[in-house]
Amino acid sequence: MSKLQKHAADEFRSKHYTKPDPANRPKDFLCKLCSKLLKSAGPQRLFDHIRGGSVDVTACPGPGDDVENADAKQKASRELRKKLVEEHEAKQKAAAQKAQRQHALEDLRNKRAAEEDAAAASASKKQITLEGMKHVVKQKLGRQFARFFYNSGVPFHIADDPELDNFMQLLVSSAKSGAITTYTTPGRRAVAGRLLDEEYERVKKEVFELLFTADDWLTLVTDGWSNRRRQAVMNYMVCSRRGSAFFKAVFPELVHKDARYIADELDKCYRELIELKIPGEFGGCVTDNAPVMGKARELLATEEQTKQRWEHVTHNGCLLHWLDLLIEDLCDLAYVAGVLQTARDISKYFRNHFMAADILKKHQLKHYDKVWEPPLPGDTRCGTKYIVLQWVVKSWAALQAAVTDSQWKDQGESPKAGLLLDKTHQQMLTVKAFLKPVWTSLRLADVDGAAFTPYVYPRMLAVQGHVKGFNTVDRPEKLPEGTRKNAERAVASRWKELHHPIYSAAWQLNPATTTPTSWRDIDKEAAGDVMKIVKSLSDTPQAAATAMTQLADFRNRTGCFSDNVIWQKEAWAKGPLVWWEGFGAPAAELFKVAERVLSFVPVASSAERNWSCFDFIHSKLRARLYNDKSEELVFLYQNYRLLRQRRADFQEPGLNLDLDHWDDDAPN
């Protein structure tokens, strides 16, 4: 008997019985209702006497209401148990009937499949229609094709690969022509060996001729990373305004990657590209902003054995990497870092607490009719800190409504106190406005090709002016003056590291941003930059002098540039390079310089995106893949897609420079 049952029995005895002689006869009980003496009575006899009697004891003539209630409860309990048993039996019966129906359906499907197989097997013996035979064969082929995916675990999107369709069409056409009667697919060794090498050599000879033309100005882009086996890898991309093609990868094992080694590898890659006779002319080389890369570029430009090959090549660091370093400097300022940390804590709290996230989603739908998931900043991209801040600012009304909701419960370090302060919101609006031009420039620069090159110089002038006069604009919360001055010094220092004459020259040769009056405001540095570029990119001193004369006509819109039609917005809407190709031919010397300058690719985004292809090919499941095989597979994987995307009616990609365009989108 449990403690609970014993307590209930003691309570029942004390309520209905007394002990006439507890000292000598402790098990004798006297009923309080009928004064009957029950000798040596246990709990069951005592209960049966009050309840209505049994074989061993007579019934009490005067039971109370509580006993009747107990009988009613016991009766209801028995009926409930009976009902539950009946429901359980009904469910078991329904489940058995459902299983029986499923088995019958499966038997029917198997029977139909067997009939179809039998019909296909006897198709050659029986006189059936051609359409019926096609239908049966197609169904059988479809099932066998599906079994390939189910058995190998290959992703289903492989079924839509265009090369698979090409293979099937070639197989069918070969069978129809009688060229083959049977065919066995090659094994894995052939696919990973002989066939891979042959295809790599074929595509290597054709891809660059199909992607580039003789008029293209090419840029060599390189970046370093590490593969699945933590081996150092350097990839090389050939870029133009038409796209970026993967050229090769180098795996420098047991080699100290100093400036000398990097310079030799760049020169070796340059000579290999020349030997391939790639259409176009190489005029640029972009690496990351590591100090060793800068020293390697200096060696190529100064040493006698490489100077002649590299004297017309524009060397520079990656603009995108530089902008990321700049925004990192600004985010590290004490005031800005504190506000960004608050935004990060808010986003992190709603990511880690499901109840809070559900309440926030409810209020986001109420305020904005959409749900914005809270982001977190990346480890290597400081621009993502701005995205977190942008999410908090745009979701501010929903965040405040969430923390004041009746279902809200503080868990851990709740952001409720900070979200209820107007000063927190004002500080975030100030930091967001402060970082916005730099972050927008980062987004605009993160494109393939040379679309952003003409806008680098004016964008950086705008960033410097924005930081310098930030506190002159009326705001509820202003940036501390010390923080603003530190930011101004950081922008000037970073711009000094990155600035190259080609950026100011590209700006001055952009018909969309220059007018006869704008040239009067150009400082001496920018005017000197365009002269340097014209001299360095012209073939002879006479050509440079002629190009400078033509530049004066371009500035003043005189001579061959005097027609007002070519200065209409519709004329340069497709990009400055297209404008020069259409209207710059009469100024041949200046046109050649402008074509080279405006085709310069300032970012190494293509090399960084190429690491995604490496990660996809050289995955965990293929960690033992040899380096040469992974290089060939990446080469084919990336360049196949470039060839399919290339169209004959290529147009220069446009660029949206509207600052507000980026804030109109949902923060994601």
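The values are calculated or read from the model by the stated rules, or taken from the named source; none is laboratory data. Remember, it's a predicted structure, so these values are computed and weren't measured experimentally. Quick reminder, even Gly has a Cβ in these numbers, built from the backbone with ideal geometry, and neighbours come from all protein chains shown. Ligands, DNA and RNA are stripped out before the accessible areas are found, and what is left, the full protein with its side chains, is counted by its heavy atoms. Shrake-Rupley method; radii C 1.70, N 1.55, O 1.52, S 1.80 Å.
Residue-level analysis places Val393 outside the set of residues that are farther than 23 Å from Lys423 by Cα and either open to solvent by less than 70 Å² (accessible area, probe 1.4 Å) or of a type in the set (Val, Ile, Thr) (or both).
Filtering Ala487, Ala492 for residues that are modelled with pLDDT of 90 or more, open to solvent by 40 Å² or more (accessible area, probe 1.4 Å) and part of a helix (DSSP H, G or I) leaves a single hit, Ala492. The residue that is surrounded by the fewest Cβ atoms within 10 Å (Cβ to Cβ), counting only those in the stretch 421-470 that are β-branched (Val, Ile, Thr) and touching an Asp or Glu at 6+ places or on another chain (Cβ under 7 Å), is Thr430.
For the stretch 358-381, which positions are among the hydrophobic types (A, V, I, L, M, F, W, C), open to solvent by 20 Å² or more (accessible area, probe 1.4 Å) and touching a residue at least 12 places away in the same chain (Cβ under 8 Å)? I'd like the intermediate steps shown before the answer.
Initially, the stretch 358-381 is screened for residues among the hydrophobic types (A, V, I, L, M, F, W, C), giving 359-360, 365, 371-372, 376.
Remaining after also requiring open to solvent by 20 Å² or more (accessible area, probe 1.4 Å): 365, 371-372, 376.
Of everything in the stretch 358-381, those that are among the hydrophobic types (A, V, I, L, M, F, W, C), open to solvent by 20 Å² or more (accessible area, probe 1.4 Å) and touching a residue at least 12 places away in the same chain (Cβ under 8 Å) turn out to be Trp372, Leu376.
Answer yes or no: is there a residue in the stretch 78-89 that is modelled with pLDDT of 80 or more, under 60 Å from the mean Cα position of the chain (by Cα) and within 30 Å of His135 (Cα to Cα). No, the conditions are met nowhere in the stretch 78-89. Report whether or not Cys285 is hydrophobic (A, V, I, L, M, F, W, C), open to solvent by less than 80 Å² (accessible area, probe 1.4 Å) and in a helix (DSSP H, G or I). Here the answer is no, as Cys285 does not meet what is asked. For residues that are among the aliphatic types (A, V, I, L, M) and surrounded by fewer than 20 Cβ atoms within 10 Å (Cβ to Cβ), scanning just the stretch 618-650, find the one that is modelled with the lowest pLDDT. Looking at the filtered set, the residue picked out is Ala648.
Being aromatic (Phe, Trp, Tyr), over 21 Å from Ala451 (Cβ atoms) and open to solvent by 30 Å² or more (accessible area, probe 1.4 Å) is a property that Phe247 lacks. Of everything in the stretch 256-313 that is out of contact with any helix residue (DSSP H, G or I) (no Cβ under 9 Å at 6 or more places or on another chain) and closer than 22 Å to Phe212 by Cβ, the residue that is modelled with the lowest pLDDT is Glu275. In summary, helices (runs of 4 or more DSSP H) completely within the stretch 357-427 and bearing 2 or more residues that are among the polar types (S, T, N, Q) and either within 28 Å of Pro437 (Cα to Cα) or over 22 Å from the mean Cα position of the chain (by Cα) (or both) occur at 383-394. For the stretch 23-42, a residue qualifies if it is open to solvent by less than 80 Å² (accessible area, probe 1.4 Å) and over 15 Å from Cys60 (Cα atoms), and the qualifying residues are Pro26, Asp28, Ser40, Gly42. Is it the case that Ala232 is touching a strand residue (DSSP E or B) at 6+ places or on another chain (Cβ under 8 Å) and surrounded by 19 or more Cβ atoms within 10 Å (Cβ to Cβ)? So Ala232 does not fit the description; no.
Starting from residues that are open to solvent by less than 40 Å² (accessible area, probe 1.4 Å) and not in a helix (DSSP H, G or I), keep the ones in the stretch 471-484 and report whichever is modelled with the highest pLDDT. Outline the logic, then answer.
Going residue by residue through the stretch 471-484, those that are open to solvent by less than 40 Å² (accessible area, probe 1.4 Å) are 471, 477, 479, 483-484.
After this cut, where a residue has to be not in a helix (DSSP H, G or I) as well, the list is 477, 479.
Values: Glu477: 86, Leu479: 91.
Restricting to residues being open to solvent by less than 40 Å² (accessible area, probe 1.4 Å) and not in a helix (DSSP H, G or I), the top hit is Leu479.
In the stretch 295-312, the residue that is most open to solvent (accessible area, probe 1.4 Å) out of those that are farther than 16 Å from Phe282 by Cβ and assigned to a helix (DSSP H, G or I) is Glu304.
Does the stretch 175-198 include one or more residues that are touching a residue at least 24 places away in the same chain (Cβ under 8 Å), farther than 30 Å from Arg624 by Cβ, over 31 Å from the mean Cα position of the chain (by Cα) and open to solvent by 80 Å² or more (accessible area, probe 1.4 Å)? Spell out the reasoning first.
Pass one, the stretch 175-198, residues touching a residue at least 24 places away in the same chain (Cβ under 8 Å): 192, 196-197.
Within this subset, residues satisfying the condition of being farther than 30 Å from Arg624 by Cβ are none.
No; the residues of the stretch 175-198 include none that is touching a residue at least 24 places away in the same chain (Cβ under 8 Å), farther than 30 Å from Arg624 by Cβ, over 31 Å from the mean Cα position of the chain (by Cα) and open to solvent by 80 Å² or more (accessible area, probe 1.4 Å).
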